[in-house]
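The values are calculated or read from the model by the stated rules, or taken from the named source; none is laboratory data. Bear in mind the structure is a predicted one, so any value in this text is a computation, not a measurement. Every residue, glycine as well, gets a Cβ built from its backbone with ideal geometry; the counts of neighbours run over all protein chains shown.
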Amino acid sequence: MNFAKLATTAAVLALLGPVSAFAAETVSVQLVGERGGQMAIKLDKTEVPAGEVTFQVANVAANTPHEMVVIKLDKPGETLKVDPAKNRVDEKSLMSMGEVSDLKAGQSGKLTVKLKPGSYELICNIKGHVAAGMVAMFTVKG
């Protein structure tokens, strides 16, 4: 290989090397629980760097449908308020970053979003599910 080809190859590899550092961060999410019982959202990590994040979401319930909604909070420690008349969170008044909705028992879905530093909550906003415990805090670091 001559010097020009070697230099070109080295330059291309140098440019491609850092690209993998910016690949999407992946978070595995399990939606668990049945109607009438304790429910939860389980994450394999609760903190990621800012940038593209892919949520791999699995409804591991035996019979109950679930969803996952990513909500950007105004400040750390904020708690989302459940509308008592609807028994769910009013998503229109919040900053929803996206969702994987209508997952029947045993189904999976994926959501890729670009997230800025801050505090987030992941919720299942099906009627009664937030009140039953389907809330998970999530942090994006700058």
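Residues in the range 118-142 that are in a strand (DSSP E or B) and closer than 23 Å to ALA24 by Cβ: GLY118, SER119, TYR120, GLU121, LEU122, ILE123, ALA136, MET137, PHE138, THR139, VAL140, LYS141. Considering the conditions (1) crowded, with 18+ Cβ neighbours inside 10 Å; (2) touching a residue at least 60 places away in the same chain (Cβ under 8 Å), LYS141 is excluded by exactly one of them, (1). Among the residues of the range 35-45, those that are in a loop (DSSP other than H, G, I, E, B) and modelled with pLDDT of 95 or more comprise MET39, ASP44, LYS45.
Tally up the residues in the range 46-76 that are within 18 Å of ILE126 (Cβ to Cβ) and not in a loop (DSSP other than H, G, I, E, B), please. Talk me through it step by step, then tell me what you get.
Step one: filter the range 46-76 for residues within 18 Å of ILE126 (Cβ to Cβ), giving 55, 57-71.
Subsequent filtering for residues that are not in a loop (DSSP other than H, G, I, E, B) retains 55, 57-59, 66-71.
Of the residues in that region, 10 qualify.
State whether the residues of the range 116-132 include one that is surrounded by 14 or more Cβ atoms within 10 Å (Cβ to Cβ), acidic (Asp, Glu) and touching a strand residue (DSSP E or B) at 6+ places or on another chain (Cβ under 6 Å). Looking through the range 116-132, at least one residue is surrounded by 14 or more Cβ atoms within 10 Å (Cβ to Cβ), acidic (Asp, Glu) and touching a strand residue (DSSP E or B) at 6+ places or on another chain (Cβ under 6 Å).
Could you pull out the residue among GLU99, GLU121, GLU91 that is in contact (Cβ under 8 Å) with a residue 12 or more places away in the chain, within 12 Å of VAL57 (Cβ to Cβ) and not hydroxyl-bearing (Ser, Thr, Tyr)? None of the others qualify; the one that does is GLU99.
Restrict the check to the range 77-97 and report whether at least one residue is assigned to a helix (DSSP H, G or I) and touching a strand residue (DSSP E or B) at 6+ places or on another chain (Cβ under 7 Å).
Yes; the residues of the range 77-97 include at least one that is assigned to a helix (DSSP H, G or I) and touching a strand residue (DSSP E or B) at 6+ places or on another chain (Cβ under 7 Å).
State the number of residues belonging to the range 102-117 that are in a strand (DSSP E or B) and over 12 Å from the mean Cα position of the chain (by Cα).
The first filter runs over the range 102-117 and keeps only residues in a strand (DSSP E or B), leaving 102-103, 108-115.
When the remaining residues are screened for being over 12 Å from the mean Cα position of the chain (by Cα), the result is 102-103, 108.
Total satisfying the criteria: 3.
Of all the listed residues (GLU91, GLU67), the sole one being touching a Cys at 6+ places or on another chain (Cβ under 6 Å), closer than 17 Å to GLY128 by Cα and not small (Gly, Ala, Ser) is GLU67. Pairs are defined by a Cβ separation below 6 Å, a sequence spacing of at least 6 or placement on different chains, a first member in the range 126-138 that is touching a residue at least 24 places away in the same chain (Cβ under 8 Å) and on the phi < 0 side of the Ramachandran plot, and a second member that is surrounded by fewer than 18 Cβ atoms within 10 Å (Cβ to Cβ) and assigned to a loop (DSSP other than H, G, I, E, B); the pairs so defined are LYS127/ASN87; PHE138/THR46.
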